[in-house]
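Visitor: Below you will find the structure I want to go over with you.
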């Protein structure tokens, strides 16, 4: 049940709109828990800072250029393209065991380490610079033997162990956005850390120089051996070429090839031009043929239309045609002017047709000329290719010999250049690694960083406190505010009964309304009374049943004070129907053994009404003797008749019933009441149990008017909304 409610609470927080004010109120509600958790985290941080051993860090900056000082252009290109791989490689070299062993040799750490071991039996300096290195060695190489066995290690074994200890404390970074590499080493002794970092820088530079010079020497040796063989091969190929030229009486094939290629290229260019002209002429010729077949007009051809003579003749024809049209409107066909005009028009048309025919004939001639020109060029190209192929066949052997000589010469010259570069590089001892900033003795430790640890502890403490606060809030399966009641139960909240602090008053909660009708508590009861009356304004409820989920939820306190409040309006009766654990008589100080149970069982017929000081219109019927069968009395016909007769005497009847979950008395009484009110204790009553109570009451068709949040602390509720916190209005 609790897991189901927790899931619903989580869903509510996820689906509702984000309310920053609500989160702040939750933080305020659990502020002391958050402060306590943060204080614990700070305490642990301070303890760690006080116990931690100071660690110093020495750092050096070196510049590593991917390009060697004497590298060739090709090598520089390759190195630049592999720059990221270069720096990753340098990191591994700096952190390698070879460099670490070189540092051990430079600082003579083996002899110093053996000297430390030899004095273990005497009083030694606790701040020895080798103490941490020995601890690292013991960690890396655990042994069950005593320290005497360490003295039996060879110098090479000690050298390897010291190198591994240096590797463990070394850090290498940088080289991504610049050529600078940072080398750092952490140790308890700042002086030793500085010496080791500077020694690593020197050993790294020496390693680079030795590797480069060794590679250059090996390369030069191999090039020298290969160069002699290449020289002999070149001389032999040149002799064969010279002998063949003399025997065949041939010239340089490259020159002859160039002449033939140029001639063939020129002919191909002319062929393209001739084919283009032929294509254009063929298109015009095709149009002419089509027009002749269809007996069309030559004047539709492009060249005819573009002719200036044709344009003039067309313009003249248009003018004469317009003139004939104008004269035809004035004169007849046989008029002299009309005859002359038509004669001029016919002459112009003849001239136009004759000029168009000339242009057409010219196009045909150009087409035939283009065909002849294309054929001639193709013939020349074919002859040139035949000559070229014939020559290539004769000079194939010459070409092969020339190519062999050229290849041998190139290989020989390349090897000769490489050998000369290797000789120069061997004499050049400049390094591509330079120390920018040498390590200096650090003044302040890098560990522990007190400010960072304290800040982290505060942040972590606040985070842990906030998480704890929100988890407690989400897992709190109880009611805290009236709004939560309405949201979870889907019933109206009639009001709250404030929590009465016993330290501030001697008046018990049951008599708060009687003692001070202007107090905050009394006003809260009046608010509940108003809600009950206005729940049905046309027919206000007469019998009001007060129940709860379990005991000790303020049900009886609510019933007594509500009855006193209703008595301010009219005659009111308070009936104590909790026949198992009666409390009304005890709370009001009524000393009488006779009561409702005695009347219903027929033991007495006397007057069982009791009056209360301070509430003249209020009558109380107490439980009386605790019956063995409360349910039978409540469900009896006699009680129903009694309740009906009491309705005639009193305008309001308040019934204090038992809790709903332990017994079913309230379900029976709810069917006889005009309205039912469920008291829910703030910060304690579980949501699931209240929902079960509502479910049981609804199953008997009880008239559920609303719920009341009892024993609610306004100050605590103010964390969920300031409108809940109203300390005083009337009176105190």
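The values are calculated or read from the model by the stated rules, or taken from the named source; none is laboratory data. Source: prediction; values computed, not measured. All Cβ positions, even for glycine, are placed from backbone atoms using ideal geometry, and neighbour counts span all protein chains on display.
Visitor: Go through segment 533-574 and count every residue that is under 55 Å from the mean Cα position of the chain (by Cα), surrounded by fewer than 24 Cβ atoms within 10 Å (Cβ to Cβ) and either in contact (Cβ under 8 Å) with a residue 12 or more places away in the chain or not assigned by TED's automatic domain parsing to the domain that holds residue 683 (or both).
Guide: Total satisfying the criteria: 5.
Visitor: Right, here's the next one. Being over 19 Å from residue 192 (Cα atoms) and modelled with pLDDT of 85 or more is the filter here, so list the residues in segment 436-449 that pass it.
Guide: 436
Visitor: Which one of these is at pLDDT below 85 and more than 47 Å from the chain's Cα centre (by Cα): 474, 499, 485, 494?
Guide: On the way: 474 fails: more than 47 Å from the chain's Cα centre (by Cα); 485 fails: more than 47 Å from the chain's Cα centre (by Cα); 494 fails: at pLDDT below 85.
The conditions single out 499.
Visitor: Return only the number of the condition from (1) modelled with pLDDT of 75 or more; (2) not in a helix (DSSP H, G or I) that residue 375 does not satisfy.
Guide: Looking at each condition in turn, residue 375 falls short on (2).
Visitor: Moving on. Considering segment 610-625 alone, what residues qualify as being at pLDDT 85 or above and surrounded by fewer than 16 Cβ atoms within 10 Å (Cβ to Cβ)?
Guide: 611, 616 - these are the residues of segment 610-625 that are at pLDDT 85 or above and surrounded by fewer than 16 Cβ atoms within 10 Å (Cβ to Cβ).
Visitor: Considering only segment 132-147, I want to know if a residue exists there that is more than 46 Å from the chain's Cα centre (by Cα), modelled with pLDDT under 85 and not in a loop (DSSP other than H, G, I, E, B). Write out each step before concluding.
Guide: From segment 132-147, those more than 46 Å from the chain's Cα centre (by Cα) are 143-147; that's our starting set.
Okay, now just the ones that are also modelled with pLDDT under 85, so 143-147.
Checking which are not in a loop (DSSP other than H, G, I, E, B) leaves us with 147.
Yes: one or more hits.
Visitor: Let me ask you something else. Cβ contacts < 7 Å: first residue part of a loop (DSSP other than H, G, I, E, B), restricted to segment 506-521; second residue at pLDDT 85 or above, any location; separation 6+ or different chain. Result?
Guide: The qualifying pairs are 516/522.
Visitor: Listed residues 450, 439; which is closer than 30 Å to residue 63 by Cα and in contact with a helix residue (DSSP H, G or I) (Cβ under 6 Å, 6 or more places away or on another chain)?
Guide: Details: 450 fails: closer than 30 Å to residue 63 by Cα.
Of 450, 439, the one residue that is closer than 30 Å to residue 63 by Cα and in contact with a helix residue (DSSP H, G or I) (Cβ under 6 Å, 6 or more places away or on another chain) is 439.
Visitor: Follow-up. Could you check, for segment 11-26, whether at least one of its residues is within 30 Å of residue 477 (Cα to Cα), modelled with pLDDT under 60 and surrounded by 12 or more Cβ atoms within 10 Å (Cβ to Cβ)?
Guide: Checking segment 11-26: at least one residue is within 30 Å of residue 477 (Cα to Cα), modelled with pLDDT under 60 and surrounded by 12 or more Cβ atoms within 10 Å (Cβ to Cβ).
Visitor: Next up: For residues that are out of contact with any helix residue (DSSP H, G or I) (no Cβ under 7 Å at 6 or more places or on another chain) and within 12 Å of residue 95 (Cα to Cα), tally how many sit in segment 185-211.
Guide: Result for segment 185-211: 2.
Visitor: Filtering segment 170-184 down to residues that are in contact with a helix residue (DSSP H, G or I) (Cβ under 9 Å, 6 or more places away or on another chain) and at pLDDT below 85, which residue is farthest from residue 438 (Cα to Cα)? Outline the logic, then answer.
Guide: Taking segment 170-184 first, the residues in contact with a helix residue (DSSP H, G or I) (Cβ under 9 Å, 6 or more places away or on another chain) are 170, 172-176, 179, 181, 183-184.
After this cut, where a residue has to be at pLDDT below 85 as well, the list is 174-176, 179.
Values: 174: 16, 175: 17, 176: 21, 179: 16 Å.
Going through the qualifying residues, I end up with 176.
Visitor: Just one of 281, 260 is within 30 Å of residue 380 (Cβ to Cβ), at pLDDT below 70, in contact with a helix residue (DSSP H, G or I) (Cβ under 9 Å, 6 or more places away or on another chain) and surrounded by 12 or more Cβ atoms within 10 Å (Cβ to Cβ); which is it? Walk me through it before giving the result.
Guide: Values: 281 fails: at pLDDT below 70.
Checking each option against the conditions leaves just 260.
Visitor: So, one more: If a residue must be closer than 15 Å to residue 609 by Cα and either in contact with a helix residue (DSSP H, G or I) (Cβ under 6 Å, 6 or more places away or on another chain) or buried (at least 19 other Cβ atoms within 10 Å of the Cβ) (or both), how many such residues does segment 644-672 contain?
Guide: 5
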